[in-house]
Amino acid sequence: MKKPIFSIIIPVRQTNPYLQETIDCLKKQTVKNFETLIITDKISGSANPSEKRNIGAQKAKGDYLVFFDDDSFPSKNYFKNAQKLIQKYPQYAAFCGPCLTPPQDDIYRQASGLVWSSWLGSGGAGVYRNSKQSSRFVDDYPSVNLIVKKTDFFLAGQFNDKFWPGEDTVLCLNITKRLHLKIYYHPTIIVYHHRRPVLIHHLQQITRYAIQRGFFAKKFPQTSLRIGYLLPSLFVIYLILLIINYLIFNYYLLYVPLFLYLSILLITFLNFIFKTKNLKLSFISTVSIPMTHIYYGILFQYGLFKKEVQFKAHKINPKNGQYIGG
């Protein structure tokens, strides 16, 4: 049997409808030079996704490791497009692409996707992660859609299972800063990723990422101490100062940044309407943005001042087999 170029690695707690959807999409790929490794709790003896990904990498026979989540699935020409890029740029250590919201998702999941794909919603730090943008080199990318040359994956030290979520940030940091290799983003490597519905589950997912990113801003400032990640915290501090100003000083000039923020929020709302032609979806998405900023901003500061951050893997929803809040 011909050695597969790609080894797909999917960590799961247990089988679920989304995983079956992923498998069905893999069967429809226009290029099928890959193997699929589904690593469960039973195989790994752990609920930690990063440990499962490392086990998958050790078992992999392919030249490139392809990391998906169990609630994501690739576009039809995913491996065809990835193969073209690898043949054109064999010197690059990793490849990645946009994670789009599946069109069949309900309005609340679509709203979460719009938040992340908008410039204001993502703080300008990750628009390209959630919408198709021009190709570029990146130094931090999530493992929901990440292709890594196997030899470079092991040179970079695999996934550090002490950092979850965020093991992908550390891996990318090692690839780009320690090994001085390239991670190439290209808009043709598309994965569809089911979002968490706004607002409760959307915010639950943010909890871990915000705290961990705040901690990383101190521990790994090369890629985590960036203005896009800091802005929500600065916004929260500004709102507190604004309340104090209103109660005591009432300097009108201090309201200018708020009016600017609301103006950008209005422009974002109009852009959502133009893009989706759906007023309800646009309104829900727009309202979710400031709530996301405030929640993220508070938890980022919490993580910034923690000496250590460790999260346990998700609990399972018995109805659909999905991670609760993940």
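Every read-out reported here was derived from the displayed coordinates using simple, explicitly stated rules and does not represent laboratory data. Given the structure is predicted, the values throughout are model-derived calculations rather than measurements. With ideal geometry, Cβ positions are generated from the backbone for all residues, glycine too; neighbour counts draw on all protein chains shown.
Results, tabulated for the structure shown:
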{"item": "Highest-MSF residue in the chain out of L253, L173, L203 [GNM, Cα springs under 10 Å]", "result": "L253"}
{"item": "Reciprocal of mean inverse Cα separation for the stretch 244-316 (Kirkwood radius, Å)", "result": "15.6 Å"}
{"item": "Contour excess over end-to-end distance, with Cα ends at K88 and N250 and 0.36 nm allotted per residue", "result": "52.3 nm"}
{"item": "Calculated FRET value between K42 and F154, using beta carbons and R₀ = 25 Å, to 0.05", "result": "0.50"}
{"item": "Fewest-first ranking of K84, K42, using other Cβ atoms within 10 Å as the exposure measure", "result": "K42, K84"}
{"item": "13 Å Cα-Cα reach of K218 towards aspartates and glutamates, excluding residues that sit fewer than 8 places from it in its own chain", "result": "E308"}
{"item": "Centroid-to-centroid separation of the stretch 262-292 and the stretch 187-248 [C-alpha atoms, Å]", "result": "18 Å"}
{"item": "Ellipticity estimate at 222 nm from DSSP helix runs (n ≥ 4, -39,500 (n - 2.57)) divided over the chain, nearest 500", "result": "-14500 deg cm²/dmol"}
{"item": "Sequence of K52, K219 once ranked by neighbouring C-beta atoms within 10 Å, starting from the fewest", "result": "K219, K52"}
{"item": "Spin-label model distance (nm) - K32 vs N271, 7 Å beyond Cα toward Cβ", "result": "4.2 nm"}
{"item": "Fewest-first ranking of D152, D161, D140, using other Cβ atoms within 10 Å as the exposure measure", "result": "D161, D152, D140"}
{"item": "Spatially close lysines, pair count over the stretch 111-183: Cα under 22 Å, gap of eight or more or interchain", "result": "7"}
{"item": "In Å, descending, principal axis extents of the Cα set of the chain", "result": "75, 45, 43"}
{"item": "Per residue, the convex hull volume that the Cα atoms of the stretch 197-326 enclose (Å³)", "result": "155 Å³"}
